[in-house]
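The values are calculated or read from the model by the stated rules, or taken from the named source; none is laboratory data. Because the structure is a prediction, the values reported are computed rather than measured. Here the Cβ positions follow ideal geometry from the backbone for every residue, glycine too, while neighbour counts run over all protein chains shown.
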């Protein structure tokens with residue numbers, strides 16, 4: 001079994017890292033290039049960079065920042081936000097992304113997924129999914145959680161995997177930014193439907209939350225608030241996990 005990955009997330013808006021609670025009340029958390037470099041030095045296994053307001057006008061800014069971050073990193077960089085074409089994927093990869101994360105456009109145009117997988121391999125394709133609990137099921141949302149889709153979580157995960165997804169970034173909208181722990185029930189439900197790796201996202205507030213998710217079979221955990229707020233470092237997290245007997249990847 002592969003050791004779990006500890007992955008800081010940078011939600012980027014107009015060139016700055018922001019973070020809120022349940023996708024609302026966003027506050028400035030710093031410069032994305034500087035934070036990416038800091039987290040990498042401290043032992044992050046990967047960086048996820050999501051442009052949460054990506055538009056055509058923001059493209060040049062986003063690409064220049066991603067290129068600057070790439071020069072600072074020796075670890076994998078996943079970039080997402082606003083991907084609407086194969087050309088956009090090409091530009092992100094050319095400017096330093098190792099993997100691309102696609103969310104809303106894939107829901108509207110799933111035919112793009114096998115094309116990406118064919119050209120660059122499934123390992124390059126991360127499907128980001130924002131979902132929330134509704135009665136007895138989990139519903140998928142798009143456009144930064146603003147639009148309710150007709151897709152149920154398990155159904156969409158299965159379809160995306162069939163179309164070539166190599167990995168899933170699953171965010172619990174109910175837990176995002178709350179620091180109340182990952183939605184282990186949602187993660188377990190998702191795990192029943194796909195074989196590809198799932199990155200747990202939404203709710204990390206203490207090291208025990210990461211340990212719980214890893215203990216329930218997650219191969220990767222995403223976190224943001226507790227790092228941006230300087231509650232703990234990536235190195236501190238790995239040290240505490242190791243003390244609990246969790247195998248972690250240490251920087252070389």
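Could you please find all residues in region 83-104 being closer than 20 Å to residue 157 by Cα and either in contact (Cβ under 8 Å) with a residue 60 or more places away in the chain or buried (at least 18 other Cβ atoms within 10 Å of the Cβ) (or both)? Answer for region 83-104, where residues must be closer than 20 Å to residue 157 by Cα and either in contact (Cβ under 8 Å) with a residue 60 or more places away in the chain or buried (at least 18 other Cβ atoms within 10 Å of the Cβ) (or both): 83, 99, 100, 101, 102, 103, 104. Flag: residue 216 matches the condition of being more than 19 Å from residue 29 (Cβ to Cβ) and modelled with pLDDT under 95. Take residue 83 and tell me if it is farther than 14 Å from residue 224 by Cβ, at pLDDT 95 or above, touching a strand residue (DSSP E or B) at 6+ places or on another chain (Cβ under 9 Å) and not in a helix (DSSP H, G or I). Spelling it out, it is not the case that residue 83 is farther than 14 Å from residue 224 by Cβ, at pLDDT 95 or above, touching a strand residue (DSSP E or B) at 6+ places or on another chain (Cβ under 9 Å) and not in a helix (DSSP H, G or I). In this structure, does residue 164 turn out to be in a helix (DSSP H, G or I), under 25 Å from residue 112 (Cβ atoms) and either in contact with a strand residue (DSSP E or B) (Cβ under 9 Å, 6 or more places away or on another chain) or in contact (Cβ under 8 Å) with a residue 12 or more places away in the chain (or both)? For residue 164, the condition - in a helix (DSSP H, G or I), under 25 Å from residue 112 (Cβ atoms) and either in contact with a strand residue (DSSP E or B) (Cβ under 9 Å, 6 or more places away or on another chain) or in contact (Cβ under 8 Å) with a residue 12 or more places away in the chain (or both) - is not met.
Step by step: first the residues of region 95-107, then only those that are assigned to a helix (DSSP H, G or I) and modelled with pLDDT of 95 or more, then the one that is nearest to residue 67 (Cα to Cα). Which residue is that?
Selected residue: 106.
So, residue 177, is that one within 17 Å of the chain's Cα centre (by Cα), assigned to a loop (DSSP other than H, G, I, E, B) and free of Cβ contacts under 8 Å to residues at least 60 places away in the same chain or not? Against the criterion (within 17 Å of the chain's Cα centre (by Cα), assigned to a loop (DSSP other than H, G, I, E, B) and free of Cβ contacts under 8 Å to residues at least 60 places away in the same chain), residue 177 does not qualify. Here residue 186 does not fit the description of being in contact (Cβ under 8 Å) with a residue 60 or more places away in the chain, over 20 Å from residue 46 (Cβ atoms) and in contact with a strand residue (DSSP E or B) (Cβ under 9 Å, 6 or more places away or on another chain).
When every residue of region 126-141 is checked against the conditions, none turns out to be touching a helix residue (DSSP H, G or I) at 6+ places or on another chain (Cβ under 9 Å) and more than 25 Å from residue 182 (Cβ to Cβ). Kindly evaluate residue 194 against the criterion of being without any contact (Cβ under 8 Å) to a residue 60 or more places away in the chain, closer than 24 Å to residue 35 by Cα and either surrounded by 18 or more Cβ atoms within 10 Å (Cβ to Cβ) or touching a strand residue (DSSP E or B) at 6+ places or on another chain (Cβ under 8 Å) (or both). No; evaluated as a whole, the condition is false for this residue. In this structure, residue 68 qualifies as at pLDDT 95 or above, in a helix (DSSP H, G or I), touching a helix residue (DSSP H, G or I) at 6+ places or on another chain (Cβ under 8 Å) and surrounded by fewer than 20 Cβ atoms within 10 Å (Cβ to Cβ).
Look through 183, 209 and report the one residue that is within 19 Å of residue 242 (Cβ to Cβ) and modelled with pLDDT of 95 or more.
Values: 183 fails: within 19 Å of residue 242 (Cβ to Cβ).
Just one listed residue meets the conditions, 209.
For region 213-252, filtering for residues that are crowded, with 18+ Cβ neighbours inside 10 Å and assigned to a helix (DSSP H, G or I) leaves 10.
The single condition among (1) touching a helix residue (DSSP H, G or I) at 6+ places or on another chain (Cβ under 7 Å); (2) within 12 Å of residue 43 (Cβ to Cβ) that residue 242 does not satisfy is (1). Exactly one residue out of 123, 108, 139, 155 is over 21 Å from residue 17 (Cα atoms) and surrounded by 15 or more Cβ atoms within 10 Å (Cβ to Cβ): that is 139.
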